[in-house]
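The values are calculated or read from the model by the stated rules, or taken from the named source; none is laboratory data. The structure presented is a predicted model; accordingly, all values stated were derived computationally and were not measured. With ideal geometry, Cβ positions are generated from the backbone for all residues, glycine too; neighbour counts draw on all protein chains shown. Remember, those area values only see protein heavy atoms, side chains included, never the ligands or the DNA or RNA. Shrake-Rupley method; radii C 1.70, N 1.55, O 1.52, S 1.80 Å.
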Amino acid sequence: MCGIVGSIGTQQAAPLLLEGLARLEHRGYDSAGVAVLPPTAGSSPRIVKRAGRVRDLADALPKRFAGKVGIGHTRWATHGPATDANAHPHTDETGKVAVVHNGIIDNAAGLRAGLVDAGVEFTSDTDTEVLAHLIGRSGADTLEAKVAEALSAVEGTYGIAVLHADFPDRIVVARNGSPLIIGVGDKEMHVASDLAALVRYTTTVAHLEEGEMATLTAGGFATYRQDLTATATRSTHLDIDADAFDAGDCDSYMLKEILEQPAACERMLSGRLDDRFGTAHLGGLGLDAREIRAVRRVKLLGCGSAHYVGQMGATLIEELARIPADAEAASEFRYRNPVIEPDTLYVAISQSGETVDTLLAVQEVRRKGGRVVGLVNVVGSAIARECDGGIYLHAGPEVAVASTKALTTMFLGCALLALQLGRVRDLSVADGRRLITALQALPAQIQQVLDQEKELIPLAQRLAEAESLFFVGRVRGYPVAREGAQKFKEISYRHAEAYQTSELKHGPLALISPAVPTIAIVPHDELVDRNVGALHEIAARGGPLVVLTHPGVDLGGLEAEADVARIDVPRTERELDPALLTIPLQLLAYHAATHLGLDVDKPRNLAKSVTVE
Ligand code: F6R
């Protein structure tokens, strides 16, 4: 989705802005632009913007583009196509104002009509240009008051940054539903919609709250509400390694993040396992034993892959805690006026912590008096702050659009929650310890799967040639199949569909042919015989098979008779099977996409965090 950067201080702004925008590229965008205030007093902002990549923008910048105050943007087209004119920053009729905006202004059409009636000529199709004109036409005498007045007319979501020729010593920013983070440097201040754009300059940051505005000057920042009354938002130092935001020796962020999974899982589990009582320590949940005991149902909410992990988690919670649990796409949940039960624990799952559909689902639950805890990766993100408590994933920064290490740690988060819910009920200490031992072994077992990477490459290349693929699994294996199909289609652009293996004969079997490979999840569990039976039905129709299974699973002679490739992952406790079964599917998707020459980190049409509805 769109990205915002801004800098003010003693350094030239343009190089800082371009570097920041390059670091936001992974969010997904189709055009980019920058505005800087030239050093000569009273000069209007100079704006350069281009449809295309940040490097096209860099090529388009004139040699002399001086100015120490600037803002920049990567745009994801909503109102109007990806053209130079629609790219941000936008300006008013006088050219004094420059605005970049993330989010959507819902009443833009009405505001635009009013401005056109008043004689304003628009130069773009965007909702953002409305804001530039409103700020430009405001009669207020400070930039803060002009921006506040413009925002009071606006309905919708926004993160904005504004420059004005008459107020050259400042950038004014505002947040409503679209994240903004202020970075505090040495005699310079930065702002960005994502930490990734700030960490090279500073790790001292302040998260703007919903409805808050801020003024950045070279010497500091001040926050206030839209009625201009001061707020007390303070900066904090984040203990993060800026190098964690780089791809290092890897060809892509996605591969780096796949390979980081053992370490991410170690961090996720560290200090949270209680072997003595066979349970988990989850202090961040903010629930005591009585409150946990009072939970009668669990509902897991997330979008996309986070929803699939929710499905894995629901099965796990039912198995370990014997509490009814289900997962629902957060993007649908709030639209059906959900019944919120006081004894249900709602769990919001999100890597970015900014996914608007998940955030709005959390707000819906809380508005109706429900209790929500978060499984979130990004510390201090909107969802993390909106929840009553939570479990941070500690996966480290995830830059690639396709989520990998965050998902694996989300699954571990579900396992820890299930363990705690189970242990205040009927799960015995022995069973709790059994799970703990298995959890402790997972990082090394994930490494064993990653060590098979080279062997999977020819198989991935073969799958890449198929136009259409099936991913099938049952019970714990079904969300694994869904996630496998999701990864494959996201980055290789092949049509990949997931089904419950048991549903094949109710329809999709008609599509099985030598041209349609099936990736079948066949763990060594209570359903293994039935799953192997289904493999024979697929093979009998000439369908090529990739069987993702455990050592010792007997495929009934299939390997000798049919087109079958087999991938074995180490065995764990069956409740935890998804943690290992998903890893080869990530590698298959990754190598299929690279074989096709695709940019795995920036798949077409997709964004890392979906901050608009
Ligand atoms: C898939 C993927 C998306 C996200 C989804 C939710 O690889 O990355 O499906 O899982 O957009 O994002 P978060 O977890 O940030 O809420």
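Accessible area of Val401 (1.4 Å probe, protein heavy atoms only, ligands and nucleic acids ignored): about 10 Å².
Over the chain, what is the relative contact order in whole percent, taking alpha-carbon pairs under 8 Å and six or more residues apart?
Working: 1443 pairs, mean separation 73.9, N = 613.
In percent, rounded to a whole number, it is 12.
For the residues Tyr493, Tyr335, Tyr224, a 1.4 Å probe over the protein chains yields an accessible-area ranking, largest first, of Tyr335, Tyr493, Tyr224.
Using just the C-alpha positions of segment 532-573 as equal point scatterers, what log10 of I(q)/I(0) does the Debye formula give at each q in 0.21, 0.33 1/Å? Cα-only, vacuum Debye calculation for segment 532-573: -0.63, -1.28.
Loop-resident trypsin sites (Lys or Arg not before Pro) (DSSP state other than H, G, I, E or B) in segment 29-71 with no more than 12 further Cβ atoms inside 10 Å of their Cβ: Lys63, Arg64.
Restricting segment 244-318 to trypsin sites (Lys or Arg not before Pro) that sit in a DSSP loop and have at most 15 other Cβ atoms within 10 Å of their own Cβ leaves Arg276, Arg296.
How much of the calculated P(r) for segment 462-501 lies past 17 Å, in percent of all Cα pairs? Each step should come with its number before you reach the end.
Values: 184 of 780 pairs.
Tail of the P(r) past 17 Å holds 24 percent of the pairs.
Take the alpha carbon gyration tensor of segment 294-445, find the square roots of its eigenvalues, order them as a ≥ b ≥ c, and report rounded if a/c is under 1.5; if not, report prolate when a/b exceeds b/c, else oblate.
Oblate.
Between Arg290 and Asp241, the simple label model (points 7 Å from Cα in the Cβ direction) yields a spacing of 4.4 nm. Each principal axis of the Cα atoms in the chain has its own extent, and those three values, largest first, are 80, 55, 44 angstrom. Between beta-carbons, use under 15 Å as the cut-off and find the net charge around Asp30, counting Lys and Arg +1, Asp and Glu -1. Its environment carries a net charge of +4.
The C-alpha atoms of the chain define a longest principal axis, and helix 477-492 lies at about 50 degrees to it. The calculated FRET efficiency for the pair Thr10 and Arg64, based on their C-beta separation and a Förster distance of 22 Å, comes to about 0.75.
Tell me, what % of the accessible area of segment 225-283 is carbon and sulfur with a 1.4 angstrom probe? Spell out each step's value before the answer.
Numbers: 1640 of 3370 Å².
Roughly 49 percent, rounded to a whole number.
The angle separating the long axis of helix 528-540 from the principal Cα axis of greatest extent in the chain is about 80 degrees.
Distances between every pair of Cα atoms in segment 1-79, grouped in 10 Å steps from 0 to the bin holding the largest one, split as 21, 53, 23, 3 percent.
Work out the FRET efficiency for Asp599 and Gln452 from their Cβ-Cβ distance, taking R0 = 30 Å, and round it to the nearest 0.05. Intermediate values should be presented prior to the final figure.
Values: r = 25 Å, r/R0 = 0.82.
According to the calculation, E is roughly 0.75.
Let me make sure I get this right: for segment 245-284, a, b and c are the square roots of the gyration tensor eigenvalues over alpha carbons, sorted descending. Under 1.5 in a/c it's rounded, otherwise prolate if a/b > b/c, else oblate. Which is it? Judged from the Cα gyration tensor, segment 245-284 comes out prolate (a/c at least 1.5, a/b above b/c). The DSSP beta bridges internal to the chain are antiparallel in roughly 60% of cases.
So what is the calculated 222 nm ellipticity per residue for the chain, using -39500 (n - 2.57) for each DSSP H run with n of 4 or more, over all residues, to the nearest 500 deg cm²/dmol? Don't skip to the end; give the middle numbers.
On the way: 19 runs with 212 residues, N = 613.
It comes out at -10500 deg cm²/dmol, rounded to the nearest 500.
Please work out the average accessible area per residue across the chain, using the 1.4 Å probe convention, and give it in Å². Write down the numbers at each step before the final one.
Details: 22810 Å² over 613 residues.
Roughly 37 Å² per residue, with all protein chains present.
Other residues within the sphere of radius under 15 Å centred on the Cβ of Ala560, judged by their own Cβ, net out at -3 (K and R +1, D and E -1). Using alpha carbons only, how many degrees (0 to 90, rounded to 10) separate the axis of helix 453-464 from the longest principal axis of the chain? Once rounded, one gets 80 degrees. With 0.36 nm allotted per residue and the present C-alpha distance subtracted, the Tyr335-Arg574 stretch has 82.5 nm of extension available. Among Glu503, Glu561, the order of accessible area from largest down is Glu561, Glu503, computed with a 1.4 Å probe on protein heavy atoms.
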